[in-house]
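Peer 1: Structure in structure tokens, see below.
The values are calculated or read from the model by the stated rules, or taken from the named source; none is laboratory data. In this text, all values refer to a predicted model and were calculated from it rather than measured experimentally. Quick reminder, even Gly has a Cβ in these numbers, built from the backbone with ideal geometry, and neighbours come from all protein chains shown.
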Amino acid sequence: MNGKTVVYMINISEISLRFADKVIFDGITLFIRDSERIGIVGDNGTGKTTFLRSLLNEVYLDKGTIEIKSGKTIAYLSQEATELPDISVLEFMRRSSGISDVEAEMKRLEKEISACDHESREYELILSTYENITHEFEIKGGYSFDSEAKRILSGLGFKNDDFSRSCMEFSGGWKIRINLAVVLSKNADILLLDEPTNHLDSESMEWLESYLKNHHGAILTVSHDRRFLDKMVSKILELKRGKFEIYSGNYSFYLKEKDRRLEALKKEYEAQQGEIKRIQDFIDRFRSKASKAPQVQSRIKMLEKFDVIELENESKKIRIKFPDTVKSGNEVIKADGLAKSYGDLQVFSGVNFTVYRGEKIAVVGKNGAGKSTLFKILAGETEPSGGSFGFGLNVSPAYFSQESADNLSTGNNIWEEIRACDTAENDTRLRNLLGAFLFSGNDIYKPISVLSGGEKSRLALLKILLSKSNLLILDEPTNHLDAATKNLFQQALLIFDGTIIIVSHDRYFLDELAGKVYEIKDGSLRIIEGNYSYYMEKRDQAENEAVAVKPEESEEATAYKSKEQKRAEAELRNRMHKETKYFKDKLNSVESEIEEMENRKSEIEALLSAGTETDIDRTIELSREIGELEVNLAYKLDEWAELNEKLEDKLESFR
């Protein structure tokens, strides 16, 4: 690269880590650029969170090094709720950022300055210190910190009254939001975000995505939210068997590319196994013949040189299916003028709807809009303040919420709790289902009393799945599911022949499942016939129309341009062309290189798939070339993304 050394934001060199007999990292080497957006995925327990913590130097590695570019700051969001101090939310943000300490020091120095002889040497020293501390306050954004902190808190769903409330008054999910607000307010060069969208409603998630897109530094995030990863990242790192598989694209690209790589590997594996068998057959056939000894020894050495391809053991395919249920009447739920208030607080009123058999309905709205309250009314856990509702003929409802975990029998272990369900599933099938819900091996004998909140929620959800209900009322069922389990659960819901009404913050999950949306907003319920994407399209369209410039105003503004205006616009176009030409030319060059590499890669894959290459050395050479091409392609795609971003920034500066 023209003899220049590339300086990365983070240099990770040959790191290894083992817990007992489990390998977490196995010689990982990785380089992360200044403004990269990286999603980290992998099965539960592979070490994704451990990797983020290792970047914070909170994990003692067995070997290897992690170097962060000098002077760069890091902010980390844990997925676990932590105990927060008994101070206001805004004050907690000020203290966490260091603003409060700097401000206190400024006030102390101001007192000393006012009490000091202005002609003394001491005065000059104090004044110099004060100037330095004031400069630090400015760098930390101290003068605008409160307004920026309030903007972040509002974006994450907090109301103005919440800013002065004690952190201790909030629930676990809201405490995680407070920690997220702290992380964002630090404006760090490197953001490490562990499940940042957990406990966010859809509007808060959209705000977060918009905020992060404007972040100046690198972002590494662990997330099970497919839509979030699709929007936010341009590279996926899959942690598997102690190594990172690199995919230069978003999550949808990763899924497609992973399948393509697996198919290519299977073909390569089959070709290699065929060659190994052919050589082994020769050895077995002529091993006892002295005249063939040199050839036999030659082939034995050939086998020893093989870098044997290993295919991952594909776990037995688990299919989740709800049991057959009694068919309900056509009208499943009918609500007439439902209202709920707590004292003077009106949550909603005048809510009317009819849910029909077989419908799959997503209920959306901001946190606090009343989604969970509506579900609790339907589940009989709270009484409405007004109006009424009723279930139709033969309706058998099942209700899941995060509080469902409280209904488990704490005297049982997991296996006893599941075996007590009224189900026709045999023990093997039940064990498979427990495995799909992340309870495997001896874990199924763990007492319920020692399970974490997430484990209890998964178990409660599995019990719902085994029930013979024909109406499912599901409040955030996917919160504690990994990507694989979430996908299995979604497939089960798609083929469920009953009725579903669901709240979930996972937009992709809702988009694939629901065909109708109930929006609770400003105390009312609005019904949208369509999936979640259609609802979002209509919502955005309405918002855009509300702020759009009137056509006649736009035409009037452009109809009367002076010669000076036209000349200025022409000069701007010329300057824009000159200043963006370098990036456009460089992009064209990089795109040509990428195309050449992809064409060569396709040629090799075609050769290997055709099976025309009989020379084993040649086959190995081609396989090695594919590996080198994939590495070089990854770097070229990174270069392309960086150039494209710089071009966009340059174009944006002219708008």
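Peer 1: Could you pull out the residue among E270, E275, E263, E310 that is of a type in the set (D, E) and crowded, with 16+ Cβ neighbours inside 10 Å? Write out each step before concluding.
Peer 2: Working: E270 fails: crowded, with 16+ Cβ neighbours inside 10 Å; E263 fails: crowded, with 16+ Cβ neighbours inside 10 Å; E310 fails: crowded, with 16+ Cβ neighbours inside 10 Å.
Exactly one of E270, E275, E263, E310 is of a type in the set (D, E) and crowded, with 16+ Cβ neighbours inside 10 Å, namely E275.
Peer 1: Scan segment 121-150 residue by residue and report those that are among the hydroxyl-bearing types (S, T, Y) and closer than 17 Å to R108 by Cα.
Peer 2: Selection gives Y123, S128, T129, Y130, T134.
Peer 1: Here's a check for you: in segment 192-206, which residue that is in contact with a Leu (Cβ under 7 Å, 6 or more places away or on another chain) and not in a loop (DSSP other than H, G, I, E, B) is modelled with the lowest pLDDT?
Peer 2: S204
Peer 1: Among S96, S88, S128, S100, which is the only one that is hydroxyl-bearing (S, T, Y) and over 35 Å from the mean Cα position of the chain (by Cα)?
Peer 2: S128
Peer 1: Which of the residues that make up segment 447-483 are in a strand (DSSP E or B) and surrounded by fewer than 20 Cβ atoms within 10 Å (Cβ to Cβ)?
Peer 2: Scanning segment 447-483 gives a single hit, P447.
Peer 1: Pull out all pairs, ordered by first then second residue, where Cβ-Cβ is under 8 Å, the residues are six or more apart or on different chains, the first lies in segment 172-183 and is closer than 8 Å to A81 by Cα, and the second is of a type in the set (S, T, Y).
Peer 2: Close Cβ pairs satisfying both conditions: K175/T82.
Peer 1: State all residues of segment 390-405 that are more than 21 Å from L459 (Cβ to Cβ) and not polar (S, T, N, Q); if no residue qualifies, say none.
Peer 2: Residues satisfying the conditions are G390, F391, G392, L393, V395.
Peer 1: Within segment 48-60, how many residues are assigned to a loop (DSSP other than H, G, I, E, B), surrounded by fewer than 18 Cβ atoms within 10 Å (Cβ to Cβ) and in contact (Cβ under 8 Å) with a residue 24 or more places away in the chain?
Peer 2: Total satisfying the criteria: 1.
Every residue, every condition in (1) in a helix (DSSP H, G or I); (2) surrounded by 17 or more Cβ atoms within 10 Å (Cβ to Cβ); (3) on the phi > 0 side of the Ramachandran plot, yes or no:
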| residue | (1), (2), (3) |
| --- | --- |
| D34 | no, no, no |
| I40 | no, yes, no |
| G45 | no, no, yes |
| T65 | no, no, no |
| A75 | no, yes, no |
| L90 | yes, yes, no |
| S96 | yes, yes, no |
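Peer 1: Within the bounds of segment 207-216, is there any residue that is of a type in the set (D, E) and without any contact (Cβ under 8 Å) to a residue 24 or more places away in the chain?
Peer 2: yes
Peer 1: Quick check: is even one residue across segment 253-273 touching a residue at least 40 places away in the same chain (Cβ under 8 Å) and touching a strand residue (DSSP E or B) at 6+ places or on another chain (Cβ under 8 Å)?
Peer 2: Yes - at least one qualifying residue is present in segment 253-273.
Peer 1: Here is a further query. Among residues belonging to segment 392-407 that are more than 27 Å from the chain's Cα centre (by Cα) and surrounded by fewer than 18 Cβ atoms within 10 Å (Cβ to Cβ), point out the one that is nearest to L465 (Cα to Cα).
Peer 2: S396
Peer 1: Among the listed residues R177, R151, which satisfies the condition of being of a type in the set (D, E, K, R), crowded, with 19+ Cβ neighbours inside 10 Å and either modelled with pLDDT of 90 or more or not in a helix (DSSP H, G or I) (or both)?
Peer 2: R177
Peer 1: On to the next question. For K334, only one of the following conditions fails: (1) free of Cβ contacts under 8 Å to residues at least 60 places away in the same chain; (2) surrounded by fewer than 17 Cβ atoms within 10 Å (Cβ to Cβ); (3) in contact with a helix residue (DSSP H, G or I) (Cβ under 7 Å, 6 or more places away or on another chain). What is its number?
Peer 2: Condition not satisfied by K334: (3).
Peer 1: May I ask you to verify whether L438 is at positive phi and surrounded by 12 or more Cβ atoms within 10 Å (Cβ to Cβ)?
Peer 2: Yes; evaluated as a whole, the condition is true for this residue.
Peer 1: I'm trying to understand the selection: among the residues of segment 348-366, which are more than 22 Å from Y534 (Cβ to Cβ) and surrounded by fewer than 19 Cβ atoms within 10 Å (Cβ to Cβ)?
Peer 2: S349, G350
Peer 1: Next question. Which numbered condition in (1) free of Cβ contacts under 8 Å to residues at least 60 places away in the same chain; (2) closer than 20 Å to S144 by Cα is the only one that V89 fails?
Peer 2: Condition not satisfied by V89: (1).
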